[in-house]
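Step one of this worksheet: look at the structure below.
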Amino acid sequence: MDVSASFQFTVDALAREWNIIAPDWRGFGPSDWLRRPYFFAEHLGDLEAILNHYSPTELARLAGHSMGGILACLYAGIRPDRVRQVVTLEGFGVAPNPPAMAPERYRKWLDVLQAPPRMHVYPDRAAFARRLQRSDPFLTPARAVFLAEHLATEAEGGVVWNGDPWHKAPGPYPFRLEESMAVWRQVAVPVRWVVGRDSWVVRDFAARPGDWEARRACFAEVDEQWVEQAGHMLHHDQPEAVAGLIEDFLPRT
């Protein structure tokens, strides 16, 4: 679960003036909740709607973290005529699901329809901030407090993550790596991969030798950069470094 406000640290560290559109994806943060299962392709539709509104004729520069980075890379391959450059922060696609997992995946899907997911309740925002720091050793106390104001929302008995609980539900369809790779091969613009040195994503890929290199090779022009003292939430951990890598990559005009 994340919200657009978590990019505030990085935006504050940008040296140049930018026209920044930072949406909350459907069901995240203050955006409307569907209160039913979500499907990944819906977010691609939302991204196109945003670009149709804010950049109907001009090529867009896309920067996203995790799911946002995955969406940016896919969109750049689906609509190569709409995108100028892409920066993806730890958004390289998830682990592939072998076909043998299909029966269990569908069972979980049916089970969650009978018992919809719920959010864990924290006593207050201070407890929520401590939870953020436990999962991210590089997160400073001040940033944790800021994030708790935006990532949490009031609920009976305390606060919960500010997002539709249905985002926690497992989907019935697997991540099809071959399909994503086919889309990535259509990306005709420069792409920058930004990686947190201490991220769980790095460890996850290490367990699948060759997967990282195979995905990266799909892009015609890819530049890989690593951020030290940062985990998966590198835009929280080292926003100055992330801002520098974004601005260094994007053209001035």
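Taken together, the values in this text are just the output of simple stated rules run on the coordinates, not laboratory data. Predicted model only: the values in this text are computed from it and were never measured. Heads up, the Cβs are rebuilt from the backbone with ideal geometry, glycines too, and the neighbour counts pull from every protein chain shown.
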Put in order of increasing Cβ neighbours within 10 Å, starting from the fewest, F146, F40 give F40, F146
Give the separation of the Cα centroids, the range 85-153 to the range 185-225, in Å.
22
Can you put L234, L34, L245 in order, fewest other beta carbons within 10 Å first?
L34, L245, L234
What is the range 48-135 by shape, rounded, prolate or oblate, if you read a ≥ b ≥ c off the alpha carbon gyration tensor as root eigenvalues and call it rounded for a/c under 1.5, prolate for a/b larger than b/c, and oblate otherwise?
oblate
Cα→Cβ-extended label distance, 7 Å offset, between L113 and K168, nm:
2.1
How big is the charge dipole of the chain about its Cα centre, in debye rounded to the nearest 20, if each Lys and Arg gets +1 on its Cβ and each Asp and Glu gets -1 on its Cβ?
560
For the range 5-121, averaging the sequence separation of alpha carbon pairs under 8 Å that lie six or more residues apart and dividing by its residue count, the contact order in percent is 16
Show me the trypsin sites (Lys or Arg not before Pro) within the range 1-38 that DSSP assigns to loop and that have at most 11 other Cβ atoms within 10 Å of their Cβ.
R16, R35
Extension gain from N97 to T140, taking 0.36 nm per residue of separation minus the Cα-Cα distance
12.0 nm
Multiply the residue gap between V11 and V183 by 0.36 nm, knock off their C-alpha separation, and tell me the result in nm, one decimal place.
59.0 nm
Treating only the Cβ atoms of Lys and Arg (+1) and Asp and Glu (-1) as charged, compute the dipole magnitude of the range 1-125 about its Cα centre; round to the nearest 20 debye.
320
Mind ranking 183-194, 116-127 by how tightly packed they are, going by the mean number of other C-beta atoms within 10 angstrom, highest first?
183-194, 116-127
Got the relative contact order for the range 144-250 handy, in percent, Cα pairs under 8 Å and 6 or more residues apart?
24
Along Cα→Cβ, 7 Å out, is where each label goes; now give me the distance between the ones at W226 and A155 in nm to one decimal.
3.7
Loop-resident sites, the range 147-224, for GluC sites (Glu not before Pro), counting at most 16 other Cβ within 10 Å (DSSP):
E156, E221
Hey, if you put +1 on the Cβ of every Lys and Arg and -1 on every Asp and Glu Cβ in the chain, which of M1, N19, A95 ends up farthest toward the positive end of that dipole?
A95
Quote the relative contact order of the chain in percent (integer), defining contacts as alpha-carbon pairs under 8 Å separated by 6+ residues.
26
Efficiency of FRET from Cβ geometry, V202 and I20, R₀ 30 Å, rounded to 0.05:
0.60
Put a dot 7 Å past each Cα toward the Cβ at W33 and H120; how far apart are the dots in nm?
1.8
Mind running the shape call on the range 182-253? Use the C-alpha gyration tensor, a ≥ b ≥ c as the square roots of the eigenvalues: rounded below 1.5 for a/c, prolate if a/b tops b/c, oblate otherwise.
oblate
Dipole magnitude of the range 105-229 about its Cα centre (Cβ charges: Lys, Arg +1; Asp, Glu -1), debye to nearest 20
340
